[in-house]
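One structure is given below, encoded as structure tokens.
The values are calculated or read from the model by the stated rules, or taken from the named source; none is laboratory data. Not measured: the values here are computed from a predicted model. Note that we place each Cβ from the backbone using ideal geometry, even for glycine, and neighbour counts take in every protein chain shown.
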Amino acid sequence: MLLQFDRVNLNSFSHPARHSRSKFVRIACCEAAKAFPAKLNDVQPHFRLLFLLAWAIPAAGQPASGVDQDLTPAQGQALVETALANELRAAQDASHLMRYRLRKTSPRLTTTKEICESRDGDVARLISTNDGPLSAADKQKEVARLQELLGDPGRQRRRKQAEDTDAGRAMKVLRALPTAFDYQYAGTAESADGKVEKFTFRPRPNFSPPDLETQVLTSMAGEIWIDPAHQRVLRLEGHVLQDVDFGWGILGRLNHGGWIVIEQADVSEGQWRIVHFQMAMSGRVFFKSRIFDTMEEETHFEPVPAGLDYRTAIQSLLAGP
């Protein structure tokens, strides 16, 4: 049973995403900037941009055996359509700011940061490396860095502008999801929080990507789990089916076989956030090969005032956990 969404109307969600949900976009693009020319910042982060503004899972269990056809084709179409629209709407919600802890692991380094969102963009304080406490010297460096940022609003403003630019790229991908894939109902599954509906997705043969941001969608397949009670996408697993060339292979290539997993949960009174992200990808930028192997976990979510400015956010970080 294929679910197609050529008539889905997402025009009402037209404003670019704000900082409250674009932090994943920004993090991905900052990582990619180390390896990609400015124009190519979209290549590696796409696997995050695809779905990272809200597809995920809160402690999901194993799928139920067999396919329990609980949904009719029309019901399945309505559920996926509504869930995608809800994710797009949530991606643009800047009114629910959070403070949280981000633990990021790569083969070379593990870091843990306290991050506080603000109306002026996010600010962060490094609190641990390789799961050990910072040295006295490193602690002082972090304090000095944040105090310097307090006196440099122009720097924070430029960071916020970069966040908004990255979020705009992500919105292109979100708006393309209904027409980029064919979705097939795969039955009912069980999670720690109850029943979920499972769908597989594959590239739609006639989808023509309008820009670089959406080009990778033509080679991605996987599955999503949707919470029917909240109408939110709970789990995403995506796999690259074939090599993806950027600029006819001149700019770069993403190799087939890479994968991504994203998990999401309700972290505070109906506020859903990505709590787990893992990616294993390889590719080439011009003539240089790159491997991306990273895992991120976000915990300790606490709401902060909606109008919080970045200076107050920094002061709260300096005050401690």
| said: Being charged (D, E, K, R) and modelled with pLDDT of 50 or more is the filter here; which residues of segment 51-93 pass it? | reply: 70, 81, 87, 89, 93
| message | I want to confirm something. Restricting to segment 185-216 and keeping residues that are in a loop (DSSP other than H, G, I, E, B) and touching a residue at least 60 places away in the same chain (Cβ under 8 Å), which single residue is surrounded by the most Cβ atoms within 10 Å (Cβ to Cβ)? | response | 204
| message | Taking the condition of being acidic (Asp, Glu) and either in a loop (DSSP other than H, G, I, E, B) or at pLDDT below 85 (or both), how many residues in segment 228-250 meet it? | response | 2
| task | Of all residues in segment 182-222, count the ones that are within 18 Å of residue 232 (Cβ to Cβ), among the hydrophobic types (A, V, I, L, M, F, W, C) and touching an Asp or Glu at 6+ places or on another chain (Cβ under 9 Å). | result | 5
| Residue check for residue 182: surrounded by 13 or more Cβ atoms within 10 Å (Cβ to Cβ), of a type in the set (Asp, Glu) and either under 30 Å from residue 241 (Cα atoms) or in contact with a His (Cβ under 7 Å, 6 or more places away or on another chain) (or both) | yes
| remark: Residues of segment 267-303 being assigned to a loop (DSSP other than H, G, I, E, B) and either more than 24 Å from the chain's Cα centre (by Cα) or buried (at least 18 other Cβ atoms within 10 Å of the Cβ) (or both), in sequence order, are 286, 287
| said: Out of 317, 234, I need the residue that is of a type in the set (A, V, I, L, M, F, W, C) and within 21 Å of residue 174 (Cβ to Cβ). Which one? | reply: 234
| If you go through segment 151-159 one residue at a time, do you hit one that is of a type in the set (Lys, Arg), part of a helix (DSSP H, G or I), more than 26 Å from the chain's Cα centre (by Cα) and within 20 Å of residue 100 (Cα to Cα)? | no
| request: Only residues that are buried (at least 19 other Cβ atoms within 10 Å of the Cβ) and of a type outside the set (D, E, K, R): list them for segment 160-178, please. | output: 167, 170, 171, 173, 174, 176, 177, 178
| said: Residue under question is residue 138, and the condition is that it be surrounded by 16 or more Cβ atoms within 10 Å (Cβ to Cβ), modelled with pLDDT of 85 or more and not aromatic (Phe, Trp, Tyr); does it hold? | reply: no
| message | Condition first: modelled with pLDDT under 85 and aliphatic (A, V, I, L, M). Now tell me which residues in segment 251-280 satisfy that. | response | 251, 254, 265
| field | Residues of segment 304-319 satisfying the condition of being part of a loop (DSSP other than H, G, I, E, B) and among the aliphatic types (A, V, I, L, M) | value | 304, 306, 308, 319
| said: Please verify whether residue 170 is assigned to a helix (DSSP H, G or I) and touching a Leu at 6+ places or on another chain (Cβ under 7 Å), treating the condition exactly as stated. | reply: yes
| task | Determine the pairs where a residue that is over 26 Å from residue 103 (Cα atoms), located within segment 282-294, has a partner that is aliphatic (A, V, I, L, M) and loosely packed, with under 12 Cβ neighbours inside 10 Å with Cβ atoms under 6 Å apart, the partner being 6 or more residues away or on another chain. | result | none
